[in-house]
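Everything below concerns the one structure shown next.
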Amino acid sequence: MENRLYILNTDVFSDRVIFDRSYLKMSADRKKKIDAFRFGKDKRLSLGAGVLLRELVTSGYDEDDVMGYSENGKPFVKEPGGVFFNLSHAGKYAVCAVSDRPVGVDIETVQLFDDALVRHVFNDGEAEYICSSSSDINCGFTGLWTIKESLMKYFGIGMLLDPKDINVDLSLPISASADGYSCSGLHFTQFGTDTYSITVCSEYENFSDSVSEFRIK
């Protein structure tokens, strides 16, 4: 199976006709998630994740019928030998990584981390490395966070693992370690622009050569 990484600009759902048409195709559970959000931006992001899941993973089948959830809430396809996937969204974008092996993906909009947050999620060596690099510091900090988040999502543990307990070696190829978890054989593939950063954590040295733009049909 070919690894695939898709991105959807959820601003398309600002068009009420397109929003309603896509919403009607969603499962009951996904509709509840969308309805629970107060702000339109968050509703569009949740709908975008649902659309990617339906079109790329469940092949149009109802999400409620084919999806299961791990002890820590990571969704998976219940069918034995089914595809592996992971979803993420931030800003106006939703992304979906699809593979034949476990995968974690995170997208974040490029942002300035304040000192308190830097000390909370990055160790001294990581922060110093980013600050001393010649690349844009905001992009660097955001990219480093997506590495940690993609690893947490690969294992399906979310914030049960303190991001500061994940040690990232940014020398190429990027690697990471975390107490209590075997990170041997895991690789990180990064994509980004000046507005967002994406990292995929997988068993593949190069998950994909590019990000494909998903268009609403």
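Can you work out D for the stretch 1-99 in µm² s⁻¹ from Stokes-Einstein, where Rh is the Kirkwood radius over C-alpha pairs, the temperature is 20 °C and the viscosity is 1.002 mPa s? Calculated translational D: 156 µm²/s. Computed about the Cα centre, the dipole magnitude for the chain is approximately 1060 debye when only Lys and Arg (+1) and Asp and Glu (-1) carry charge, each at its Cβ.
For the stretch 101-210, the relative contact order is 36 percent, taking Cα pairs closer than 8 Å that sit 6 or more residues apart in sequence and dividing their mean separation by the residue count. Short-range pairs are left out: with C-alpha atoms under 8 Å and at least six residues apart, the relative contact order of the chain is 22 percent.
For the pair D15 and R38 in one chain, pulling the backbone fully straight at 0.36 nm per residue adds 6.5 nm over the alpha carbon distance.
Listing V95, V121, V17 from fewest to most neighbouring C-beta atoms within 10 Å gives V17, V121, V95.
Would you mind calculating the gained length between L24 and D124 on full extension (0.36 nm times residue separation, minus the Cα-Cα distance), in nm to one decimal?
Values: separation 100, 0.36 × 100 = 36.00 nm, distance 4.84 nm.
So the chain would gain 31.2 nm between L24 and D124.
Per-residue extension of 0.36 nm, minus the Cα-Cα distance of S70 and L172, leaves a gain of 33.5 nm for this segment. Shape index of the chain: Rg/Rh, with Rg the Cα radius of gyration and Rh the Kirkwood radius from the inverse mean 1/r over Cα pairs, equals 0.96.
Treating the beta-carbon of each Lys and Arg as +1 and of each Asp and Glu as -1, no other charges, what is the dipole magnitude of the stretch 1-99 about its Cα centre, to the nearest 20 debye?
400
Candidates S27, N9, A127 compared by Cα position along the dipole of the chain: farthest toward the positive end lies S27, with charges placed on Cβ.
Taking every alpha-carbon pair under 8 Å whose residues sit at least 6 apart, the stretch 1-99 reaches a relative contact order of 37 percent. Give a quick list of chymotrypsin sites (Phe, Trp or Tyr not before Pro) in the stretch 1-71 that DSSP marks as loop, anything other than H, G, I, E or B, with at most 12 other Cβ atoms within 10 Å. In loop regions of the stretch 1-71 (DSSP not H, G, I, E or B), the sparsely surrounded chymotrypsin sites (Phe, Trp or Tyr not before Pro) are F39.
Summary of the geometry: the stretch 127-193 and the stretch 1-78, compared by the centres of their Cα atoms, lie 26 Å apart.
The residues T195, T189, when put in order of fewest to most other Cβ atoms within 10 Å, stand as T195, T189.
Distance between the 7 Å Cα→Cβ label points at S210 and D114: 4.0 nm.
Bear in mind that the values in this text are calculations on the coordinates, not laboratory data. Note that the coordinates shown come from a computational prediction; the quantities given were computed from them, not determined experimentally. Cβ atoms come from the backbone with ideal geometry, glycine included; neighbour counts cover every protein chain shown.
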